[in-house]
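The values are calculated or read from the model by the stated rules, or taken from the named source; none is laboratory data. Keep in mind the model is a prediction, meaning the values are calculated, not measured. Cβ sites come from the backbone with ideal geometry, for glycine too, and all protein chains shown count toward neighbours. Calculation scope for accessible area: heavy atoms of the full protein, side chains included, ligands and nucleic acids excluded. Shrake-Rupley method; radii C 1.70, N 1.55, O 1.52, S 1.80 Å.
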Amino acid sequence: MFQTERAAGTRRSGVNTRMPLRGIAALIVVVLVALLASACGNNNSNSNAGGANAGESTPAPANAGSSGPPPAEEAATKTVKHYYGETEVPAHPQRVAVIGLEDIALSLGVPLVYAYGFEGYYLYDRLKATNVTLSDSPDTKPNLEKILAAHPDLIILQGYFTDEAGYKELSKIAPTIAYTPADWKANIVAIGDVLGLADKAQETIAAYDDKLKQAKDAIAAAAGDRNSVVFLRPSDKDLQVFFPSFEPLLYNDLGLKPDASIDEFQKESEDDWGINTSLEKLPSITADYVFAIYGGSISSEDEFQKEMAASTEVEKLSVWKALPAVKNNHVFKVSARTWMSSGPIANGYVIDDVKAAVTGAK
């Protein structure tokens, strides 16, 4: 405004000192316009000062002036590779049916609506606590009616529980993905990725590895150099001896070592898992510790107890009584329901069994 007034004064000091009235009116209009423009400029300046610190401009709203496309929405489905091929599954399944991989599902906290489980199954109590619909039968053939009634939006299957025809039947109910039980760590990572639980999968593996390390250290301290072991299934008619490839947790991971007899049995066997042999081979077993398994992985409690009772006939044999582990009270009876299963929970039970047997601590 000061500059406008000075400009007007200069014009007044010009040659024409006597202006006509029309010129004076025009000058007044110019001055008023200048005053209004100055006032508007001050208002804009005050508005900016209230919205930002001195010397800063007001930040533009997010995406203001952006000519790029809006962020893409997350896909509703994803393609998953698995034992039976590739399947399009929901990106965020909320109702999951699990058949044979309940150990992993419980460890991850999967939102279950159906699971394989029955009284005597090692996960039965945990599954019942979730109020999930259970198969209520040891039959590994999927119960299609119960699964359908549970309205799953995803089915996770242990691949050996059915064949490809059975897989296709399940796929008619909901998208189905299958994994074999050989490597539970690989499976929990894969399933965790599918369900958006990758961090939980890694936490589960880390907790398991920590448990294993602590047990291994305790077992090493207690056993010392007398740390040979054999894993077998005795009966009153014959003997099964399992090899390290079948049970690496016992023979390798916990710091115990296979008895010398294992090498001899492997030379006689065409199979990688172990050998079926006669009770006459018992004297060749010189292990410091023997873990004797009874029942099957899906045996009921009654079936397990019957097999345990039958073992007393073996224990009457002189060749059994002559075993070094028997003489030292180092034969431990274990359940196939956990020792023949796979997963962080089942393997955790095996770790606890071996640690308690060798160290005497529960």
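Tell me, what is a quarter of the convex hull surface for the C-alpha atoms of region 201-269, in nm² with one decimal?
Result: 6.3 nm².
Obtain the radius of gyration and the Kirkwood radius of region 104-182 from its C-alpha atoms and give Rg over Rh. Write down the numbers at each step before the final one.
Values: Rg = 12.0 Å, Rh = 12.9 Å.
Radius of gyration relative to Kirkwood radius: 0.92.
Local charge for Ala223 was computed over the other residues whose Cβ lies under 15 Å away, with Lys and Arg +1 and Asp and Glu -1, and equals -2. Straight-line cross-link partners of Lys306 among the aspartates and glutamates, defined as a Cα under 14 Å from its Cα and at least 8 positions apart when in the same chain: Asp236. Under 14 Å from the Cβ of Lys146, count the other residues' Cβ atoms, weight Lys and Arg +1, Asp and Glu -1, and hand me the total. Local charge sum for Lys146: -2.
So what is the orientation-averaged projected area of region 289-336, using the convex hull of its C-alpha atoms, in nm²?
Details: hull surface 12.8 nm².
If you wrap the Cα atoms of region 289-336 in a convex hull and average its projections, you get 3.2 nm².
Solvent-accessible surface (1.4 Å probe) assigned to Asp263 amounts to roughly 80 Å².
Shown for region 262-303: the carbon plus sulfur share of the solvent-accessible area, taken with all protein chains present and a 1.4 angstrom probe, equals 42%. Below 29 Å, Cα to Cα, which lysines can Lys78 reach? Residues fewer than 8 away in the same chain don't count. Those lysines meeting the cut-off are Lys141, Lys146, Lys168, Lys172, Lys185, Lys200.
For region 285-354, which trypsin sites (Lys or Arg not before Pro) are both in a DSSP coil and crowded by at most 11 other Cβ atoms within 10 Å?
Lys316
Computed as a quarter of the hull surface, the mean projected area of the alpha carbon convex hull for region 74-213 stands at 8.4 nm².
Charged neighbours of Ile104, selected by a Cβ distance under 14 Å, balance to -2 (K, R count +1; D, E count -1).
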